[in-house]
Every structure is written in C-alpha cells, then in structure tokens.
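Down below is the structure, laid out as structure tokens.
Nothing in this text is a laboratory measurement; each read-out follows from the coordinates by a stated rule. Remember, predicted model here, so these are calculated numbers, not experimental data. Cβ coordinates were reconstructed from backbone atoms using ideal geometry, including for glycine residues, and neighbour counts include every protein chain displayed.
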C-alpha cells in the first residue's frame, strides 16, 4: 500500500461504553468542524451535552435491528472506513454508492471482561456482552490506518486532539493526525481486540465438563529487551505488565535471571508480616531474618546465615529501606535490591552503587498478579498451574503434634517461621532456624538427607550453633536419616508434611531423641 498524504478529518464515528473523557473529546472535535456520528447510548449522551450528532441509523438509512445487535454492520460504515483514498477505482465506487469517508473512529468495547469477573455471572449475560460491531469497526479502521485515525483508549484522546489542533498557516487547526500516530493507534487496536477475543475464548472454553478450559490463549504487550537470557549468547525479551509491579530506579539493564530472582524474592517476602529481610541467590533464599520493628536487626539475622551469599545476590525487604540499612548494604557488592520504597537518605547512598539494580515493588500489584496462574513452556505447548501463594498447614498446629513431646511456644513460633522460608526454597529443601532468623539452608539436592547435611555444613561455615534450633522440610522424610542428621546437629523440633510409608520410623527416631515434631498435612514443593 502506498503511503497516503495526511488529509483533514471530516467525519468521526463515536461509540463507547466507557465514557471517560468523552465530553471533552467530542466537544473539541465538534469545535474543529468534525461531523459527529454516533450510536444508541453514546448518541443520547452527546445530544444531552448539546452537541449536534447524527444517529448512525439516520446516517446509513437502515434501522437498528435485533435489540441493537445489528446497527453499525453496514456498507456505509465499513465502506467509509475501508475504501482507499489513493485508488481512483475505490473513489469512483464510493461516489456511486454514496459512501463518504469516515476518518476517525472512537470505540471501546462492551465490558466483557468486567462482566465475567462478576460472581455468579450467567452464560447468557456473558454472551450479551460480547461486542460484535465494535471490534469490526476497530479492525476496519486499523486496517486502513493510512487514512483513518482509530482510538480505543481514553488515555489517547489528548494526544490525538493535540495533533489535530496544531495550527495551520492561516491559524486554523490542521485537523489531521500524523501517520506515525495512526499506525501506533492501529497496533494498539489489534492488541486490544486480540485480548478481547482471548477473554471470550477462555471463558467459553471453560464452560465444559469440570469447568476445564478447553482452550488457552495469551496475548501480552512487549515490555522490554532483557540484557540476556541464562547466558550472554541467549537473547531474551520480556512481555506483559512487569512495570506495573516493579519499577527500576537505577542500575544496569535487567537480565532474564534478574527477572526470575525478582519473582522469587517477591514470593518469599510476601509470606511475612513482621519487618523482614531476605537474601537470595539463584532464586533460593540463603538467609531470612525478621524483627518487631528494626530492619537492621532483621538484616543481621538474615546475613549471619551466609555471609558470602549477598555478594552478587538479591536483597529484598517488606518495609521501605531505611538509611541505616542502606549504610550497611552500600558496602556490599549486590546485584539487586528490592523494597516497597526507599527513604531519601537511603536513595542518596545507593545512587553510588551505579551498577546495582534498585527496584521498587508494588505489593498490591504483586498480589493481583498472583491471582493469575503460572504459565510454563512444555513440549508442544504450555502448562498452567495455580500459584502457591497461601502458606498451608499452619492452622491449628497444636493438634498436629505426632511425637510424645509437645513443642514449646518458642519452638512453635520458630517452626512457623522456618516453614514460611522453606516454602520458597527449591526442593529438596531443609531449613534450620530459630524464631527470628535462619541458621542453615540446604536446597536443590537429589536426596533430602543431602540437603540436611548441606544445611548443617552451611551453619558450621557461618559459625552458627544448631543446638536448640528447629528444622523444616518442604516434603516428607522418606527415611529417618534426614531427621537424624538434624537431631545430631542439635535440632529440638521438626515441622514436615508427613505422609511417608515410613512415618512411624521417623516418629520413633524423634521420640528416641526427645524432640518434638508436627505433621502439617500439606507440602510446599518448589521445583
């Protein structure tokens, strides 16, 4: 298609369900001499504002039919949008059939997504909120973006008006938009209609037996190019609404592994309510600490677990970073720091760490994101899974004691803490802790006893005693050897899911050593 010259916008068709900003948009179009055409409720709304508007049925000469299901599906509408202004034959046919140009379309769609989000929505109500004419007009206009300006988002009203109101040589508004704007708006339309169709297909595809979605579609906007993937020779791109959850305040570009670390860090820190600091490496927690009111105290408890891990690692907290903590962290080579916010003094100190990625997390946006399933590639397609957000198994823990000795109050509190950390450690996961901080962590081993041995070794490397500690295991102990490793190291209480055919053997080992143990009845296995 040849690039066409910018031409004056003579006619605009407005048909919106969301009337945000419509009054100003329509008035300014009218002030520039643009003829307004509209449908149903939008037409009534604009006339109520005192604007001169042509009802679409008067424009086409055809009535609205079937309770408004058919109103804009007419050659005079779609012809006016689609015929090419640069082709003489198109212009000839338009004149023969009395089809003037429609130069601007402003349409947003029936609120299908909002409708199906309502509790107890019926299938018939959902179907009635499937827009047909709206997407058709949007697609027609977007296809012919060389000549037609198409607007589907009220946030674009000001930009479009700003271009149209630029003065010509005689001082009157130019009343046209640039090709660059028209093209970007067209791309936005096709993204919007793709998402709309995806919502419809996913909803209707989930109306079958057992409410299993028979189709799964995903359309996401490009977010940014990542520095690289797992390795520098692997290009990587990020799609979606990442920037609504995380904002980067400074530092080098994010890489693929940085994004994975951000996800893991947010998952970890969202498990805690008291002021908490976590240190992660390669998505695994290597130290977590908490305090009643002091982030520095929480940091010290996290840092003591593994004093090497913070170097090139990730630090996350669930409170705004204080200047006091920034003084400590600024002296360490850290790859990523994540906090809900930063005190001004903390930001000033961290600005000296030019390469460190300083990230702000919106925890409300994170919680909203967590409602969506995890999506992972699979041979020939994808798998989906409900995100493991809720900490399971800690309710009525006193009734889940399986040993002769009942845990003390301090042991109970420590087990609850260790269980929340263990949930975010990759399997097989073992965590030793007291009630305020981790003491030793073992992760990612093929056998549970090896993870236990690594956790004991890490505690020894850090100079931490495990005498009187508790141990958490993300999965059941298949044999007593893993628990015995903890007993030998000095642990006095254990929290684990239970469910092994050798549970009694493990309980007997605990009773023989005089330690307390609870079975949560739930596991948090993280592959």
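For the pair residue 125 and residue 158, label points projected 7 Å from Cα toward Cβ lie 3.5 nm apart. Summarised as an ellipsoid, segment 284-409 has semi-axes of 31, 25, 15 Å, derived from the eigenvalues of the Cα gyration tensor scaled by 5 and square-rooted, with the largest first. Just need the relative contact order of segment 229-367 here, percent rounded to a whole number, with Cα pairs under 8 Å and 6+ apart. After rounding, I find 26 percent.
If you take the alpha carbon atoms of segment 210-346 and fit the smallest convex hull around them, that volume is 148 Å³ per residue.
The C-alpha atoms of the chain define a longest principal axis, and helix 133-143 lies at about 80 degrees to it.
Relative to the longest principal axis of the Cα atoms of the chain, the long axis of helix 22-31 lies at roughly 30 degrees. For the chain, the longest principal axis of the alpha carbon atoms and the long axis of helix 295-305 meet at an angle near 60°. Across the chain, the mean sequence separation of Cα contacts (distance under 8 Å, 6 or more residues apart), normalised by length, yields a relative contact order of 8 percent. Arranged from fewest to most other beta-carbon atoms within 10 Å of their beta carbon, 321, 32 become 32, 321. The smallest convex shape that holds all Cα atoms of segment 11-209, its convex hull, gives 138 Å³ per residue.
Site pair residue 308 and residue 73 shows an inter-label distance of 6.9 nm when each label is modelled 7 Å from Cα along Cα→Cβ.
Going from the fewest other Cβ atoms within 10 Å to the most, the residues 58, 481 appear in the order 58, 481. The stretch between residue 230 and residue 165 holds 18.5 nm of extra length on full extension. This uses 0.36 nm per residue minus the Cα-Cα distance. Debye sum, Cα scatterers, segment 72-140, no solvent: what log₁₀ I/I(0) at q = 0.14, 0.15 1/Å? Rounded to two decimals, the profile gives -0.55, -0.59.
Taking every DSSP beta bridge that has both ends in segment 399-519, the antiparallel portion is near 55%. For the chain, the mean residue ellipticity at 222 nm estimated from helices alone is -11000 deg cm²/dmol, where every DSSP H run of n ≥ 4 contributes -39500 (n - 2.57) and the total is divided by all residues, rounded to the nearest 500. Cβ crowding within 10 Å ranks 426, 524 as 426, 524, fewest other Cβ atoms first.
Compactness check for the chain: Cα Rg over 2.2 N^0.38 Å is 1.29. Globularity index of segment 350-409 is 1.96 (Cα radius of gyration / 2.2 N^0.38 Å, N = number of residues). Computed from the Kirkwood radius of its Cα pairs, the Stokes-Einstein diffusion coefficient for segment 399-519 at 10 °C and 1.306 mPa s stands at 118 µm²/s. Here the contact order of segment 351-458, divided by its residue count and restricted to Cα pairs under 8 Å and six or more residues apart, works out to 14 percent.
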